[in-house]
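Q: This structure is in structure tokens; I'll ask about it shortly.
The values are calculated or read from the model by the stated rules, or taken from the named source; none is laboratory data. What you see is a predicted model, and the numbers here were worked out from it, not measured in a lab. Positions of Cβ are backbone-derived with ideal geometry, glycine not excepted, and every protein chain shown enters the neighbour counts.
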Amino acid sequence: MKRKFSASKGGSAQKKHSTDKKNAAKEHSGWWGDGPVFVFLYDKREKEAITNGKAKEILQFVNDSEQVLHESEALRIIRINNEYSHPVLFVDTGKEVGLNLLDHLRMAGYRLAKWAENNSVKTLMIPPLKDDSPKKRNAILQGLCHASYAFDKYKSKKHEKADVEYLFADDMEIDGNSLQALFSGIDIAKNLINEPGCNLTPGVVANIAKGIAQKYGLSIKIRGESELKRDNYNGILTVGRGSKNQPAMVTISYAAKHKKNIRLALVGKGITFDTGGISLKTQDKMYEMKSDMSGAAIVLAAMQVIAELKLPIAVDAILCLAENRPGENAVLPGDIFKAKNGKSIMVENTDAEGRLVLIDGLTEAAELGATHIIDIATLTGAIQRALGNAIGGLFSNSEGLALTITESGDECGEKWWRMPLDEEYTEGLKDKVADIRNITDGGPGAITAALFLKEFVKKDLQWAHLDIAGVAFTANGYKYTEHGATAFGLKTIVETAKRYSADELR
């Protein structure tokens, strides 16, 4: 979905936003005319203005019911005869609880854009904010961008589009190119995750990755079944044995012109569909398992954003791709295979397959010379039970890396909670026949899964594991995603790469 950014006279930011003209609400059609609607941001719970200028003068009208022309959810529209001579749209930035200011502004921008979609508004004027900053402007624009995403490729009728123009009322510059790069990546990740499993096999993902690598001049290596056997990457092979669609491991490398001492590796779980294999899942909402490749989609999209932004840091993205099906050649519970590092693994449960493909990616990252590794995966139902659908799980052997990821998430509106990696729980991973098994008998499933991965992380490397099983996909909507893929983690990873590209000390 294309988004356009430009600068109006005086340097104020503009954004062209596609809207659904055909389904526009006619409730108040015409009363705002063709002129701009003035936007006023305030926090209803705190009874304070977020917009700068004559905030108190405007705020007194918020509770004046006689002036209200429209009200729904966190929006109300009031006609005020004042210096602006425009209808005023009030947007509550405090509707949700537990968000920081930047994410409140993202939500305000999101609701603002959704209202514009439904009311055929041509221009919205956003005035300066209190203690204004590029970060605050960027947050509002991110909300506007989030609102424009739609996965409608399988709809028989496409929506007719119109344009809404968003104007900031002063001369503060906005980095529209960076925002465009980020949301192009978000669109790619969401589209891949939302795609049905029948159409998005490991081979299809590999071809898409090849196209992105060619476009941005990145080196790429695609290992199919024979190459995986040759190089002893047996985790991906074991998981993919039951499917007619061959597994693959894709490695994309970005070599910055000004290399620093840090080499960042991004490892993504890419189970394009997860039936659970022989340890078959229940049928309830199994269709959501098309999202089990969210980690791979996110690291691929992050690689594109990093390349487009030309960040001065070396980065490798490793996509661990397989389809987990109960075919005639599928791995059986109790089967044993040997990982590349020589450890034998007993597959006690074929539905604990994500960790088996990730260990190949972690090994590949170390062989490429990574100093910092971030793996991201929809790994365990346990993390969803622990943290719900608003917070991702963070495990790390490095205080510095964990702090950088947490701070990056706070900046981007993605919450992470650091979980323990207590060695006491590794006892449950020991097996009577093999060196290690892929599940334990009860216990903290998200922690033991992370401890399993840690067994395959080369010593002295800084490593973080991001478990996004609870936050990667939403059936009923969450924040600025109405349904489907959230791309949770992408903004955090890009921001983390930015921070390491600017500071090699941590």
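Q: Go over the candidates Ser291, Ser253 one by one and state the one that is in the same structural domain as Ser226 (by TED's automatic domain parsing), surrounded by fewer than 22 Cβ atoms within 10 Å (Cβ to Cβ) and among the hydroxyl-bearing types (Ser, Thr, Tyr). Show your work before the answer.
A: Numbers: Ser291 fails: surrounded by fewer than 22 Cβ atoms within 10 Å (Cβ to Cβ).
Exactly one of Ser291, Ser253 is in the same structural domain as Ser226 (by TED's automatic domain parsing), surrounded by fewer than 22 Cβ atoms within 10 Å (Cβ to Cβ) and among the hydroxyl-bearing types (Ser, Thr, Tyr), namely Ser253.
Q: Quick one: in the stretch 133-158, which of the residues that are of a type in the set (Phe, Trp, Tyr) and touching a residue at least 60 places away in the same chain (Cβ under 8 Å) is surrounded by the fewest Cβ atoms within 10 Å (Cβ to Cβ)? Spell out how you get there, then give the answer.
A: Initial filter on the stretch 133-158 (of a type in the set (Phe, Trp, Tyr)): 149, 151, 154.
Applying the additional criterion that residues be touching a residue at least 60 places away in the same chain (Cβ under 8 Å) yields 149, 151.
On the way: Tyr149: 20, Phe151: 17.
Across the stretch 133-158, the extreme among qualifying residues is Phe151.
Q: Right, something else. How many residues are under 30 Å from Val331 (Cβ atoms), touching an Asp or Glu at 6+ places or on another chain (Cβ under 7 Å) and not in a strand (DSSP E or B) when one looks only at the stretch 392-441?
A: Total satisfying the criteria: 3.
Q: So is Ile336 at pLDDT 95 or above, in a strand (DSSP E or B) and touching an Asp or Glu at 6+ places or on another chain (Cβ under 7 Å) or not? Give the derivation first.
A: On the way: at pLDDT 95 or above: yes; in a strand (DSSP E or B): yes; touching an Asp or Glu at 6+ places or on another chain (Cβ under 7 Å): no.
No; evaluated as a whole, the condition is false for this residue.
Q: Condition test on Thr492, is it among the β-branched types (Val, Ile, Thr), surrounded by 24 or more Cβ atoms within 10 Å (Cβ to Cβ), over 11 Å from the mean Cα position of the chain (by Cα) and under 17 Å from Gly268 (Cα atoms)? So that I can check it myself, show each step before the final result.
A: Working: among the β-branched types (Val, Ile, Thr): yes; surrounded by 24 or more Cβ atoms within 10 Å (Cβ to Cβ): yes; over 11 Å from the mean Cα position of the chain (by Cα): no; under 17 Å from Gly268 (Cα atoms): yes.
Judged against the criteria, Thr492 is not a match.
Q: Here is a list of conditions, (1) under 22 Å from Glu455 (Cβ atoms); (2) touching a residue at least 12 places away in the same chain (Cβ under 8 Å), and Gln384 meets all of them except one; can you say which number that is?
A: Among (1) under 22 Å from Glu455 (Cβ atoms); (2) touching a residue at least 12 places away in the same chain (Cβ under 8 Å), the lone unmet condition for Gln384 is (1).
Q: Output yes when any residue across the stretch 183-196 is modelled with pLDDT of 95 or more, under 30 Å from Arg137 (Cβ atoms) and surrounded by fewer than 19 Cβ atoms within 10 Å (Cβ to Cβ), and no when none is.
A: Taking the stretch 183-196 first, the residues modelled with pLDDT of 95 or more are 183-196.
Checking the rest, the ones that are also under 30 Å from Arg137 (Cβ atoms) come to 183-194.
Filter again for surrounded by fewer than 19 Cβ atoms within 10 Å (Cβ to Cβ), leaving 184.
Checked against the condition, which is being modelled with pLDDT of 95 or more, under 30 Å from Arg137 (Cβ atoms) and surrounded by fewer than 19 Cβ atoms within 10 Å (Cβ to Cβ), the stretch 183-196 yields at least one hit.
Q: Now for a different question. Considering only residues that are within 17 Å of Gly277 (Cβ to Cβ) and crowded, with 22+ Cβ neighbours inside 10 Å, which ones fall in the stretch 361-397?
A: Ala377, Thr378, Leu379, Thr380, listed by residue number.
Q: Just the residues that are assigned to a loop (DSSP other than H, G, I, E, B) and among the small types (Gly, Ala, Ser), please, taken from the stretch 111-159.
A: Pass one, the stretch 111-159, residues assigned to a loop (DSSP other than H, G, I, E, B): 120-122, 127-128, 130-133, 148-159.
Passing the criteria: Ser120, Ser133, Ser148, Ala150, Ser156.
Q: Just to be sure, is Ala301 surrounded by 21 or more Cβ atoms within 10 Å (Cβ to Cβ) and either in contact (Cβ under 8 Å) with a residue 60 or more places away in the chain or part of a loop (DSSP other than H, G, I, E, B) (or both)? Talk me through it step by step, then tell me what you get.
A: On the way: surrounded by 21 or more Cβ atoms within 10 Å (Cβ to Cβ): yes; either in contact (Cβ under 8 Å) with a residue 60 or more places away in the chain or part of a loop (DSSP other than H, G, I, E, B) (or both): yes.
When the stated conditions are applied, Ala301 passes them.
Q: Additional query: Given (1) in a helix (DSSP H, G or I); (2) farther than 20 Å from Glu288 by Cβ, identify the lone condition not met by Val164.
A: (1) is the only condition that Val164 fails.
Q: Given the structure, is Lys479 within 24 Å of the chain's Cα centre (by Cα) and modelled with pLDDT under 95?
A: Working: within 24 Å of the chain's Cα centre (by Cα): yes; modelled with pLDDT under 95: yes.
So Lys479 passes the test.
Q: I need the full set of residues from the stretch 256-283 which are hydroxyl-bearing (Ser, Thr, Tyr), more than 16 Å from Leu300 (Cβ to Cβ) and either modelled with pLDDT of 95 or more or surrounded by 24 or more Cβ atoms within 10 Å (Cβ to Cβ) (or both), in order please. Step through it out loud before you land on a result.
A: To start, the set of residues in the stretch 256-283 that are hydroxyl-bearing (Ser, Thr, Tyr) comprises 272, 275, 279, 282.
Narrowing the set further to residues that are more than 16 Å from Leu300 (Cβ to Cβ) leaves 275, 279, 282.
Matches in the stretch 256-283: Thr275, Ser279.
Q: Could you grab the pairs with beta carbons closer than 9 Å, sequence gap of 6+ or different chains, first residue in the stretch 334-356 and closer than 20 Å to Phe395 by Cβ, second one in a strand (DSSP E or B) and among the small types (Gly, Ala, Ser)?
A: Going by the 9 Å Cβ cut-off, the qualifying pairs are Glu353/Ala322; Gly354/Ala377; Arg355/Ala377; Leu356/Ala322.
Q: I would also like to ask the following. May I ask you to verify whether Ile439 is among the β-branched types (Val, Ile, Thr), closer than 30 Å to Tyr480 by Cα, modelled with pLDDT of 95 or more and in contact with a Leu (Cβ under 9 Å, 6 or more places away or on another chain)?
A: Details: among the β-branched types (Val, Ile, Thr): yes; closer than 30 Å to Tyr480 by Cα: no; modelled with pLDDT of 95 or more: yes; in contact with a Leu (Cβ under 9 Å, 6 or more places away or on another chain): yes.
Criteria not met by Ile439.
Q: Here's another thing I want to ask about it. Considering only residues of the stretch 467-486 that are among the hydrophobic types (A, V, I, L, M, F, W, C) and touching a Ser or Thr at 6+ places or on another chain (Cβ under 8 Å), which is nearest to Asn191 (Cα to Cα)?
A: At the first step, the residues of the stretch 467-486 found to be among the hydrophobic types (A, V, I, L, M, F, W, C) are 468-469, 471-473, 475, 485.
Filter once more, so that each one left must be touching a Ser or Thr at 6+ places or on another chain (Cβ under 8 Å): 468-469, 471-473, 485.
Details: Ile468: 17, Ala469: 18, Val471: 16, Ala472: 13, Phe473: 12, Ala485: 8 Å.
Across the stretch 467-486, the extreme among qualifying residues is Ala485.
Q: So if I check each of Glu399, Glu423, which one is more than 20 Å from Arg355 (Cβ to Cβ) and more than 16 Å from the chain's Cα centre (by Cα)? Explain how you work it out, then say what you get.
A: Numbers: Glu423 fails: more than 20 Å from Arg355 (Cβ to Cβ).
None of the other options fit; the residue is Glu399.
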